[in-house]
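The values are calculated or read from the model by the stated rules, or taken from the named source; none is laboratory data. Just so it is clear, the model here is predicted, and its values are computed rather than measured. Don't worry about glycine lacking a Cβ; one is built from the backbone with ideal geometry, like all the others, and counts go over all protein chains shown. Note: accessible area is taken over every heavy atom of the protein model, side chains too, but ligands, DNA and RNA are not part of it. Shrake-Rupley method; radii C 1.70, N 1.55, O 1.52, S 1.80 Å.
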Amino acid sequence: MRIRPRQELLDIWRAVARASFQDGKWTRGGRDRPNSISDAEQLLCIMFPATDPKLASFRLERPDETAEDVLEALAEFGDSIAIPQLLIRIMTEYMERYTGDGGTPIFSGDGYFDSYESGMAPGPEQRELDVVDAFSMSITLTLAALGFTRVFRSVIRREDLRQEVDRLEKLASTRLSAAMVGLLRSFSVNVFDVNSSEGRIMCRRANQRSLPDRQVVADLQLALRGIKSGLRDLTIGSGQTADIDSPSRLFECGWSWGIVKDAVPINTVEEVGRQSPGVAVDSPLLYFTVIALDGIEDLFSPRTRLLGLLNDEQRRLADALQIRWDLTQEYWSAIASLGVGTDRWPLEDLPWRTSDGQESDYFSLLVTSMTVQDLVRRRASDAELGRVVRVLSELANRGRINRRPLVDDPAIDLHSPGVKLRLRGSEMVGDHLIGWLVSNFAPLLLKRTILLAGFVRDTDLRGDLLDLADNVWDHLLLRRLGSGPGHGLWDQPAEAFEQLSVRHDLHSWYFTERVIECLVVAANFVSRPPLPNARLTEFAENLLNEAEHLFDLELLSGSGDAGPSMSDALKKARANLRRAREVLHDRPGSATALVGEVLRELDGLAVARQNVAGGA
C-alpha cells in the first residue's frame, strides 16, 4: 500500500492547525458556516487520531510522552503542556455553544441542510431540526473527549485545570446521553405490502434468477425471519411495529434522517433536556443508517469498555442501540446477498434502487458498507468476500476514479455536487421539502476497501484491494486544496475532473474529517501482522528443514570444536535458525531471509573445508 498514514496524518494536522488557530484563537467554520456537525468534524480532525488506541504515537493527553514530530505538526497550538489544555478548553466551548435553554443539547443540521427544490432554501425552523448526522458525530466526539480527559486527569496537578476537566466531562456525558436518546428515537422500521410500490421494487431487486414473485417473497420472508424476531423484542425508542409478521408484508429497518414522527420520549434518569417531537417520515435512509451505525460502533469499542466511559444508564441505552446495530447490519447484508450460491447477488446488480424509487451507485456503496461489516462479523468465506471486492472495484470504475470520465459524464455528479437526499417530513415545519447533500463517495469507498483488506485471508484478494486503495488515494490527493487558508485540506474536485468549472477557496471539514477516518483505518491496517501465504510458508519450511539438516551435519563434522571464528559463525547460525522457526507461520518471508543467510554461511564453511582437504 502506497498510503503513508503517519506522514499524511501529520501533514493534515499541520494544515488543520494553520486553518483553525489564527491570532491565538480557535477559528470555527470553513466552506460551510459553523454548526453542531461541522464544528464537531473540525475537532475530530485532531481528536480522532489522538484518541485511537492503536495510534499511541499520536497521543496528546500525556505531555511527557508526546512525540517530537507530533509537537512540530501542532506547533501552532503550543508545547506539549499547552496542547491538551487548549483542546480541553475548545471542546468545553463546543459543548457549551451547542447547549440550549434548560441544558438541552443542540443537534441541528443548520447550514448542512440544503434546498431540495431549486430556489427554496431551508427556513429558520427547518434549520433547527435535529438530524442523525449530529447525533452520530456527537457520540464519536464525546467519547473521544471523555477518553482524553480520563487519561489527562492522571497527570493534572493544578486545581483550576482539574475543575475545567470536570466541567468538560459533565457536559460531554450529558451530550452523549442525549445523542444516544436521539438515535433511539430516529430508528425506523418501514412495513409495506408486497404489492405496494416499495414491495415491487424490493422483490424486483431480490429476484436475480427470474423466479415467480411468490417464490421471491417466500425467500425474503425466510431470510428475514430472525430479524423480525429481534425487532419484535424492541422495548424502548422508535421502531416497534405490530404487523411485521404478516406473510403479505415486507419491511426495511435502519435510521431515518431525524427523530421520526410520533416517536415517544425515552424514559431515562440522565439529564438530557427536552426531547423534542419528531417530524421525519418513519422510513430508513441508507446514508443516515450508515452514519448511525458508525457512531454506535464506538459505544461498544474496546477503548470505551476499558476506560469505563459509560455509566450504568448509558450502558442501558447503548445496549438498546447495539441490538438495533446488529439487526440493521444483518438485515441489509441479507437483502444484499439474497440467494447465496447464485450467479449474482442483488448487491451486484448496480446501481442500487431504494424503496422510494431513487437509484445511484452511491446507494450501492452504502449497502456494500453494511454488507462488509456483517460478512466480517460472521467470518464469511473468501469467495463471498471476493464478490464484494468486485463490487468495490466496479464502483470505483463507475465513479470515474479508475477510469477517465466522458465529457458531461453524469458519474461526476457523485463527487460534485454530490447526491441530494430528500428529507421527507421536513415540510411539516416549513412550506417546502428540504434536502441533504452528500459528496463523500471517494472517502467512503477508500475506508471500506481498507477495512475489507484487513479481513480477507486470500493474499491475491488482499493485493487487489490494496491496489484499489492506492488508486482511490491517488484520486483524493488530486483533490487536496493547493492554496488559501485551508491548503493541505479538502476538497477541490475540479483538480480531479477537468469538466468541473466550480472551484472552492475554503476547506470542507465534512470531507476532511472523512479523509482522516480513512487514514486512521489505514494506520490500523498497517499495524497488523502481514497475512501469511500458504505457498510461501511451505517454501520457507522446506528451506528451514534443509538448513537445519546441514547445520547438524556441520556439527557432526567437528566444526563446533574449531577456532573462535567458526564457533561464532555457528552460534549465529543456530540463533537465526531458532528465530526462523519462531516466525515461520506468521512471517514466512522473514523466515526465508533468515534461512537464506544461514545457508550461505553453511555453504561457505563447506567450501572452506573442501579447500583445506584439497590442499592437504
Find the centroid of the Cα atoms in the stretch 10-30 and in the stretch 343-412, then give the distance between the two in whole Å. 35 Å
Where the centroid of each part is defined by its Cα atoms, how far is the stretch 196-241 from the stretch 108-168 in Å? 36 Å
Roughly what angle does helix 534-556 make with the longest principal axis of the chain, taking Cα atoms, 0 to 90 degrees, to the nearest 10? 20 degrees
What figure in square angstrom, to the nearest 10, would you give for the accessible area of K572 with a 1.4 Å probe? 120 Å²
Over 30 Å between alpha carbons, listed pairs K25/K447; K420/K447; K25/K170; K261/K420: K25/K447
Rolling a 1.4 angstrom probe over the protein heavy atoms, how many square angstrom per residue are accessible across the stretch 91-244? 42 Å²
Provide the gained length on full extension for the span D408 to A606, in nm with one decimal, where the gain is 0.36 nm per separating residue minus the Cα-Cα distance. 64.2 nm
Under 12 Å from the Cβ of V279, count the other residues' Cβ atoms, weight Lys and Arg +1, Asp and Glu -1, and hand me the total. -3
Kirkwood Rh and Cα-based Rg: tell me the resulting Rg over Rh for the stretch 377-441, rounded to two decimals. 1.19
Normalised contact order of the chain, rounded percent, pairs of Cα under 8 Å and 6 or more residues apart: 15 percent
Ranked highest first by average number of other Cβ atoms within 10 Å, how do 475-482, 261-268 line up? 475-482, 261-268
From the coordinates shown, volume of the Cα convex hull per residue in Å³ corresponds to which of (i) 220; (ii) 210; (iii) 151: (ii)
Not counting ligands, DNA or RNA, and with a 1.4 Å probe, what is I259's accessible surface area in Å² rounded to the nearest 10? 20 Å²
What's the longest uninterrupted piece of the chain once you rule out the GluC sites (Glu not before Pro) that are loop residues per DSSP with at most 16 other Cβ within 10 Å? 272-497
Could you please put D312, D160 in sequence from largest to smallest accessible area, using a 1.4 Å probe? D312, D160
Could you name the aspartates and glutamates in cross-link range of K571, using Cα to Cα under 14 Å and dropping any fewer than eight places away on the same chain? E548, D552, E554, D561, E597, E601
Helix-derived [θ] at 222 nm for the chain: sum -39500 (n - 2.57) over DSSP H runs of at least 4, divide by residue count, nearest 500? -18000 deg cm²/dmol
Acute angle (nearest 10 degrees) that the helix 441-453 long axis makes with the longest principal axis of the chain, alpha-carbon atoms: 40 degrees
Rounded to the nearest 10 degrees, what's the angle between the helix 509-526 long axis and the longest principal axis of the chain, both from Cα atoms, 0 to 90? 30 degrees
Taking 1 over the mean of 1/r across every pair of different Cα atoms in the stretch 17-72, what Kirkwood radius in Å do you get? 12.7 Å
Run the dipole for the chain about the Cα centre, Lys and Arg Cβ at +1, Asp and Glu Cβ at -1, nothing else charged, and hand back the magnitude in debye, nearest 20. 600 debye
Report the local net charge at L500: Lys and Arg +1, Asp and Glu -1, summed over other residues whose C-beta lies under 14 Å from its C-beta. -3
